[in-house]
Amino acid sequence: MMRTIKHKVKRFARNEDGATAVEFALVSVLFLSVVFAIMEFGRFFWISHQFQFAVEDTTRSAAVRGNMSPQDIEDTIVETMSLTGIGAASLNITIAETQISGVNFIEVTGSYDFKPFLPVPGLSDTLTVNAASRMPTRPDS
């Protein structure tokens, strides 16, 4: 009886059936975590760059045209960002007209709280995306 138990234990220890499935289960968790992290950081940088572009492009348009109201500027940024799925409620936009050394400038700054789809260990629930642009306005003729 003792011999049969010993024999069964040795046979079980040599048996490699299912080893691949166990290895896959261990490695796939790490692999999928890395894939989703790459996707989240890619989405973060895409939104960050799109937001900076929207602020810069709108500031440039306002400086060249000279007749855009602050509401028009904000609406243009919101419209551009709506292409990324971000609504007006998520954006915080500030518009200011300043004068430095006799030159008039229009300054547009904005912020957006980025919320990852999946929680990222070690990071807060939201990451703030900031964008800013300053352009000299066209002198009045």
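Here, each number is a calculation from the coordinates, and none is a lab measurement. Nothing here was measured: the structure is a model prediction, and the numbers come from that model. Counting neighbours? That spans all protein chains shown, and the Cβs are built from the backbone with ideal geometry, glycine included.
Tabulated data for the structure shown
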{"item": "Separation of the E23 and Q52 label points, Cα + 7 Å toward Cβ, nm", "result": "4.3"}
{"item": "Sorted peptide list for 125-133, 111-119, criterion being average Cβ within 10 angstrom, highest first", "result": "125-133, 111-119"}
{"item": "Reach of K115 by Cα under 12 Å, taken over aspartates and glutamates that are not fewer than 8 positions away in the same chain", "result": "E40, D125"}
{"item": "Amide proton proximity set for F105, modelled H, under 5 Å, gap of 5+", "result": "T98, Q99, I100, T137"}
{"item": "Spherically averaged projected area in nm², based on the convex hull that wraps the Cα atoms of the chain", "result": "13.7"}
{"item": "The chain - percent relative contact order, Cα under 8 Å, separation 6 or more", "result": "23"}
{"item": "Where labels lie 7 Å past Cα in the beta-carbon direction, separation of M39 and N104 in nm", "result": "4.9"}
{"item": "Inverse of mean 1/r across different Cα pairs in the range 94-141, Kirkwood, Å", "result": "13.4"}
{"item": "Neighbourhood net charge (13 Å Cβ-Cβ; Lys/Arg +1, Asp/Glu -1) for T76", "result": "-4"}
{"item": "Alpha-carbon centroid distance for the pair the range 63-131 / the range 23-51, whole angstrom", "result": "26"}
